[in-house]
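Working notes for the structure below.
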Amino acid sequence: MIHLLKLRAYLKPYFWQLVLNFLLLLAATILSLITPRILQGVIDIGLQSQQRAFLLRSAFVLLGIGLVTAFLAFSQRYLTEWIAAHIGYDLRNAMYDRIQRLPFSFHDHSTTGQLINRCIEDVRAVQNFAGGNIVEILHLVLLSVGVVGMLVTSNPGLAAIALLPLLPMVLITTDFGQRITRLFYDVDSALGDLSAHLQENVAGVQVVRAFARESDEIRRFDTTNRIYFNARLKVIGEWSKVMPTTNLLIVLGTILVLMVGGPQVMQGRMTVGELVAFNAYLLMLSAPVQQLTWLVNALGEAEAGAQRVLEILAREPEIQSPPDAVRIEPLRGRVEFRGVSLRYAGEPQEALSEIDLTVEPNQIVALIGQTGSGKSSLVNLIPRFYDVTSGQVLIDGVDVRRYDLDSLRRQIGIVQQAPLLFSDTIRENIRYGRPEASEEEIIAAAKAAQAHDFIMKFEKGYDTLVGEKGVTLSGGQRQRVAIARALLMNPRILILDDATSSVDTETEHLIQQALERLMEGRTTFIIAHRLASVRRADLILVMQGGRIVERGQHKELLALGGLYKQMYDLQLSQQNGILVESEVDREWYRSLPAREALRSRPVTERSLS
């Protein structure tokens with residue numbers, strides 16, 4: 001119970017409810033211990049002496065005990081579930097809060113299914129144990145102490161014989177508890193993998209069907225499901241071996257009582273009522289002891305769940321605001337990179353190496369380069385999605401690591417290549433960064449983003465639900481809603497991550513108009529693959545291997561005749577169906593992954609750049 005005990009802080013807010021619950025349980029246990037004594041009196045006094053008045057009084061007493069016990073059981077069960085529900089509620093909130101604050105490096109190596117499983121299934125196991133199971137354990141302890149006390153005071157010798165089979169039961173159950181925790185950890189991990197596989201395939205169902213891979217994915221799912229199935233079977237196998245053994249030991253205890261206690265009744269050393277009461281106490285103890293295996297099983301599941309929950313809760317966010325964080329006033333937007341290097345956790349090579357760059361307020365900076373050249377890594381350092389390995393990133397002369405994270409990120413707007421919209425209305429998605437925004441501000445942002453017209457064509461207008469990830473909108477519509485969301489935030493620094501690469505020409509024109517309005521008066525970083533969209537940038541950075549290999553404006557870089565010109569000529573030739581025959585370009589084509597595709601195209605025209 002090491003990991004479960006570490007979660008005891010979540011019980012503190014409900015201390016008095018726990019105390020009341022314990023008192024209710026104690027009262028119910030005491031009443032249950034009185035019942036066998038009443039039965040002893042009924043047999044020895046009421047029946048043998050034929051005292052009808054005594055029998056009547058005993059019946060009313062038993063009825064009263066039954067009614068009070070029923071009320072106590074109802075109250076105790078309600079309170080138990082109330083506490084368990086609140087603990088589950090608090091744990092899920094704590095898990096979600098921690099997951100939201102963990103760095104991108106954590107999410108880079110975590111699957112969605114595993115995180116969902118930890119928040120739901122593992123918390124459920126802890127909640128169930130904190131609810132009914134822990135109360136059952138307390139009930140077992142209280143009842144065991146009370147019953148043993150009654151048995152010993154009634155007949156110490158017979159009690160020693162009757163309780164003898166319980167000793168191996170305790171040893172078997174303890175060993176079972178240690179093994180079952182490890183097995184349940186494997187079960188929870190396998191279930192997380194199953195959830196991850198299911199989530200991935202549901203999200204990618206269009207790709208699966210487009211490539212006619214349904215049968216292959218069914219086989220893959222069956223393999224993952226089989227691992228989970230086998231893990232569950234191991235738990236069932238262990239439990240199945242222990243349960244019959246405990247039942248046999250309980251029956252053995254009852255047999256010993258009858259074998260030893262029966263002759264004592266015949267010899268007059270015990271009354272019939274005493275023997276019946278003694279056996280009733282033993283049977284009263286046998287029911288909870290039989291439940292012990294179930295409780296240990298639940299304990300193992302809860303311990304495994306608590307371990308997986310704590311793996312998240314105990315992980316401190318690597319990126320957070322410092323104690324003396326600087327609250328940002330409206331930024332000017334000057335961004336500096338001083339000797340910046342970045343290496344992702346577990347990666348052998350640096351993603352960025354010795355970057356030196358100064359961007360003045362309101363400048364537009366374009367970053368181009370092949371996939372993996374470090375463009376996204378560079379801009380991700382500005383809002384502190386990652387921290388530098390060495391060097392500094394400064395905004396308005398202050399290291400970003402000194403800023404309050406929330407206030408920093410509220411002044412940085414990001415429009416991604418594939419923007420994420422939430423399963424809510426268009427209105428709520430636009431004002432996601434500013435929940436307090438008025439209707440007039442939302443409409444103004446939508447109009448500036450060239451989104452208002454298509455929004456009003458929907459029957460419900462701004463109240464239209466966009467579906468999961470904005471699936472009911474086209475790619476261009478999602479992009480314009482994302483631009484409106486960024487506009488409404490009115491950020492001082494803007495990051496555009498290839499925002500027009502996946503749309504048609506007409507939609508691209510509309511988005512470019514929206515982006516031009518969005519970039520006005522802001523320091524802007526544009527990641528682009530289409531060089532036509534960066535020609536008017538104040539500064540173009542050409543990146544390769546995590547370094548800035550060329551920098552300047554469009555005409556300057558063309559005149560330089562380096563990597564930028566090669567990329568520009570390549571895109572121009574692809575656009576016009578022209579293969580360029582200069583020796584420089586020929587070497588460039590040989591270095592490209594797509595060279596075979598280029599060679600296979602018919603030469604329709606020959607020209608020099």
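Between residue 319 and any residue 5 or more places off or on another chain, the built amide H atoms are never under 5 Å apart. When you count the other C-beta atoms within 10 angstrom of each residue and take the mean per peptide, 456-462, 99-105, 23-29 line up highest first as 23-29, 99-105, 456-462. Cβ-to-Cβ counts within 10 Å put 167, 142, 541 in ascending order as 167, 142, 541, the fewest first. Treating r as the C-beta distance of residue 53 and residue 12 and R0 as 41 Å, the FRET efficiency rounds to 0.20.
So, by mean Cβ neighbours within 10 angstrom, what's the order for 437-445, 179-187 with the highest one leading?
Numbers: 437-445: 16.0, 179-187: 20.4.
Sorting 437-445, 179-187 by mean packing, highest first, produces 179-187, 437-445.
Summary value for segment 1-155: 34 percent relative contact order, contacts being C-alpha pairs under 8 angstrom separated by 6+ residues. In this calculation the C-beta distance from residue 474 to residue 223 is compared with R0 = 35 Å, giving a FRET efficiency of 0.45. Across segment 397-412, rounded Karplus estimates of 3J(HN,Hα) from the backbone phi angles (6.51 cos²θ - 1.76 cosθ + 1.60, θ = phi - 60°) give x, 10, 4, 4, 6, 8, 7, 5, 4, 4, 5, 5, 6, 6, 10, 10 Hz, Gly and Pro being marked x. If you plug the beta carbon distance of residue 272 and residue 171 into 1/(1 + (r/R0)^6) with R0 = 30 Å, you get a FRET efficiency near 0.30.
None of the figures in this text is laboratory data; all of them are computed from the coordinates on show. None of the values given here were measured: they were computed from a predicted structure. Backbone-built Cβ (ideal geometry, glycine too); neighbour counts: all protein chains shown.
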